[in-house]
Amino acid sequence: MTFKFAYLKLTAFYILIVMIISIGFSISLFKISSNEINRGLGQQTNILRNLPFNDRMVPNFDQIRKDQLGQSNVHLKINLIYFNLLILVLSGIISYFLAKKTLKPIEDSMIAQSRFTADASHELRTPLAAMRAEIEVALRDKNLNLNFSKKLLNSNLEEIEKLEVLSVALLKLARIEENTKQKFEIISLEDIITEAFEKVEKLADKKEIEFQVKLKDFKIKGDCQSLVELFVILFDNAIKYSPKKSKIIITMEKDKNHIVVKIKDHGVGIKASDLPYIFNRFYRADMSRSKEQVDGYGLGLSIAEQITKFHKGRIEVTSRPGKGSEFTVKFPV
Ligand code: ADP
């Protein structure tokens, strides 16, 4: 509703500008044309005055000139009014489309923003509601013993940890979006990937997952901290969604325009129907929710995509359910 009103307001504003220009132009055109006609008629009158008329037939040249000028002005005015009406209709149609085009991205981002807020609130509320329910039940229990209290506290602690993970992810998203003025420096992708790997090494060891890494000494311009973050997210996902004792392969290549990093796992894969959405905030594919529940909020890949975009790069994925996924990150050289 607010946006419909905004479309109309902007349309009216565009029309107003066009009509001010068009009417101003028409008035000037009318004045110039009227002067030109008057001048032409004056010349014509002078020529006619020099013709040999017989005395009784000398016409009233000034009156004729005045009448002709009056008629021409009336025709000119009518034509200009039609012209302006046409401009009004055309500018109305064009302005409406332009207003829609101008406001559409703003409307989309507002819708996305409010969806994000709703999703974030929902995710924040779930652990809070769980904690509240547990505490209420415990408080009602007259025979509450130490053992049960400890269990309750442990369970609450788990929920608090979830809340912490979520708030850290939300903060990261906000920080990347705001952070446009960050100072870029020339950094070695090899160092970035090594640092990211060190951060997930323990998780990989826990699942006995082998990382096969073929690194090259490529350099890009970027922000060190967020690039490490990007690869931690991708490595962490590869580990999370892979079975024990599987292999994750990381390769680097360089073509004419890009440095390409590929992260290939042999995990659960992603269904084709989920692929278009996995970079959306809070989106989690069915497989990550099913049987072996994997922790997460569906924010990692949207953070990864933001970081890549921030570096003018691209992130792509190919996947086959049951066979594994391959994430490709491309940075411009
Ligand atoms: P999270 O992992 O916290 O759920 P992400 O945004 O990192 O959120 O990922 C979104 C979804 O994409 C995941 O829920 C999962 O379904 C899918 N996904 C991401 N990476 C992989 C991967 N390497 N293998 C299989 N599925 C993946």
Residue set Ser288, Ser302, Ser319, Ser325; condition at pLDDT below 90, surrounded by 14 or more Cβ atoms within 10 Å (Cβ to Cβ) and within 11 Å of the ligand (Cβ to nearest atom); output residue Ser288
Quick one: Lys245 ticks every box in (1) free of Cβ contacts under 8 Å to residues at least 60 places away in the same chain; (2) near the ligand (Cβ under 8 Å from one of its atoms); (3) out of contact with any Pro (no Cβ under 9 Å at 6 or more places or on another chain) except a single one, so which number is it? (2)
Cβ pairs under 7 Å, 6+ apart, first in the stretch 210-232 and closer than 15 Å to Ile303 by Cα and among the hydroxyl-bearing types (Ser, Thr, Tyr), second crowded, with 17+ Cβ neighbours inside 10 Å and modelled with pLDDT under 95: Ser226/Ile176; Ser226/Ile307; Ser226/Phe310
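Examine the stretch 295-314 for a residue that is assigned to a strand (DSSP E or B) and out of contact with any Cys (no Cβ under 7 Å at 6 or more places or on another chain), and state whether such a residue exists.
Checking the stretch 295-314: at least one residue is assigned to a strand (DSSP E or B) and out of contact with any Cys (no Cβ under 7 Å at 6 or more places or on another chain).
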If I filter the stretch 271-282 for residues that are within 7 Å of the ligand (Cβ to nearest atom), surrounded by 16 or more Cβ atoms within 10 Å (Cβ to Cβ) and in contact (Cβ under 8 Å) with a residue 40 or more places away in the chain, do I get at least one hit? no
Against the condition under 16 Å from Ala238 (Cβ atoms), within 7 Å of the ligand (Cβ to nearest atom) and in contact (Cβ under 8 Å) with a residue 24 or more places away in the chain, how does Gly296 come out, does it pass? yes
What do you reckon, is Ile160 in a helix (DSSP H, G or I) and either more than 23 Å from Glu316 (Cβ to Cβ) or modelled with pLDDT of 90 or more (or both)? yes
Counted residues, the stretch 29-38 - those being free of Cβ contacts under 8 Å to residues at least 24 places away in the same chain and closer than 11 Å to Lys77 by Cα: 1
Over the stretch 252-270, the set of residues without any contact (Cβ under 8 Å) to a residue 12 or more places away in the chain and either in contact with an Asp or Glu (Cβ under 6 Å, 6 or more places away or on another chain) or within 16 Å of the ligand (Cβ to nearest atom) (or both) is none
The residue from Leu41, Leu85, Leu98, Leu69 that alone is in contact (Cβ under 8 Å) with a residue 60 or more places away in the chain and either surrounded by fewer than 12 Cβ atoms within 10 Å (Cβ to Cβ) or aliphatic (A, V, I, L, M) (or both) is Leu98
Restricting the stretch 180-229 to residues that are of a type in the set (S, T, N, Q) and under 27 Å from the mean Cα position of the chain (by Cα), the one surrounded by the fewest Cβ atoms within 10 Å (Cβ to Cβ) turns out to be Thr180
Taking Lys262, is it at pLDDT 90 or above, surrounded by 14 or more Cβ atoms within 10 Å (Cβ to Cβ), over 30 Å from Asp119 (Cβ atoms) and out of contact with any His (no Cβ under 8 Å at 6 or more places or on another chain)? yes
Residues that are within 30 Å of Ala120 (Cβ to Cβ): which strands (runs of 3 or more DSSP E) entirely in the stretch 200-285 hold 1 or more of them? 219-222, 258-264
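The values are calculated or read from the model by the stated rules, or taken from the named source; none is laboratory data. Because the structure is a prediction, the values reported are computed rather than measured. Quick reminder, even Gly has a Cβ in these numbers, built from the backbone with ideal geometry, and neighbours come from all protein chains shown.
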